[in-house]
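Heads up: the structure comes next, in structure tokens.
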Amino acid sequence: MGMHRRTMLGALVAAPALLTRPAHAAEVTLRYAGTLPTSHHNAQGQQRLADRVKELTNGEVEIQVFPAGQLYGARDIPTAVVSGGVDMGHNLTSVWSTDAVAEIPDLPFLFADAAHAERCWDPNGPLHRGFSAHMERRRMTMVHTMFFGSLFDFGNNVRLIRAPADLQGLKIRGYGRLSAEGLRALGASPIVMSPGEMYLGIQRGTIDGAITGVTSLESRKIWEVVRHATITGAAFGVMAVNISTARFNALKPAHREALLKAGEEVFRWSVQESDRRDRASTQFLIDKGIETHILSPEEKTAWGRGFAPAVAAWEGRASAEAKQIVAAVQALRTAA
């Protein structure tokens, strides 16, 4: 084959790539890892952030979204963000760190409702400021938070759980230290496992049930392998969206501003959406024939007493800073 013919063939092979190249390629590409199924509102929040950042930067910043554990499992994301394996990720606060500050959203019945939690996690709120400062010390910058919603909800196959005594002797999946301490205080045997392992763990009988959020009971299809559900609302799940501080500081000031602005918008959206999804998922379980119990105010008081040893354990390891944050959260409980 002559040189002229080889040159022509090479040009033809390269042509499709030239034809499909975007007219305005992004200046910056950020990879964003999540673990929740695409049907979950937190996974949809990932995409909302990406779309809004693209809009605010006129396409100069592209966020590539990887939900449902496509890149990393929940407990691998923090290390991946700091090391540069991925640029951004989201997780429950207690997965980002084992410090008592990160555990605050898991303190039982700390939040009166979603509106109270919003005041606390507002960019100027005590929890946002406290947790953000904690992340900065770990070389991560918090872009925003997303509300996961009701947490410490149960799905199990043994019996309907109405009172703490109903948990006696059950093997229940937990998601962190404080949740495990809470389960133990209530009489259960805590088994810590990743969210992705819950379904098979219950199906195979490795565990009797799991605590997670009511939205996760639906989106992770836990309802397929349990007969009973209890909605306690004892904890309020908050997803922190973090980026490597080095990566954040390397962005142009305008791009950093766009990322934070979009993040606050997604935060506000998640406040309303998490409440809507909690109610919809509870009804979903009922409609699917899962025996479902929602704790009454009186029952929550009894559960609160049962949690006392776990709260005492947290107070024993909490710093003065963490306790000051909790005091500020409690002061906002009845704020207008």
Legend entry - Residue in the stretch 112-141 that is surrounded by the fewest Cβ atoms within 10 Å (Cβ to Cβ), counting only those that are within 17 Å of the chain's Cα centre (by Cα) and not in a helix (DSSP H, G or I): 122
Inset, instruction - For the stretch 206-228, indicate whether the set of residues that are among the small types (Gly, Ala, Ser), modelled with pLDDT of 95 or more, over 21 Å from residue 41 (Cα atoms) and outside any loop (DSSP other than H, G, I, E, B) is non-empty. - result: yes
Legend entry - Flag if residue 299 is on the phi < 0 side of the Ramachandran plot, outside the structural domain of residue 47 (by TED's automatic domain parsing) and modelled with pLDDT of 95 or more: yes
Inset, instruction - Inspect all residues belonging to the stretch 122-141 and state whether any of them is in the same structural domain as residue 229 (by TED's automatic domain parsing) and either in contact with a Lys or Arg (Cβ under 8 Å, 6 or more places away or on another chain) or free of Cβ contacts under 8 Å to residues at least 12 places away in the same chain (or both). - result: no
Legend entry - From 179, 194, 150, residue being touching a strand residue (DSSP E or B) at 6+ places or on another chain (Cβ under 7 Å), in contact (Cβ under 8 Å) with a residue 60 or more places away in the chain and under 15 Å from residue 222 (Cβ atoms): 150
Inset, instruction - Might you check whether a residue that is modelled with pLDDT of 95 or more, crowded, with 22+ Cβ neighbours inside 10 Å and under 14 Å from the mean Cα position of the chain (by Cα) occurs anywhere in the stretch 54-66? - result: no
Legend entry - Boolean, residue 228 is in contact (Cβ under 8 Å) with a residue 12 or more places away in the chain, crowded, with 18+ Cβ neighbours inside 10 Å, assigned by TED's automatic domain parsing to the domain that holds residue 165 and more than 23 Å from residue 68 (Cα to Cα): yes
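The values are calculated or read from the model by the stated rules, or taken from the named source; none is laboratory data. As the structure is a prediction and not an experimental result, all values here were calculated from the model. Ideal geometry is used to build each Cβ from the backbone, glycine not excepted, and the neighbour counts take in all protein chains shown.
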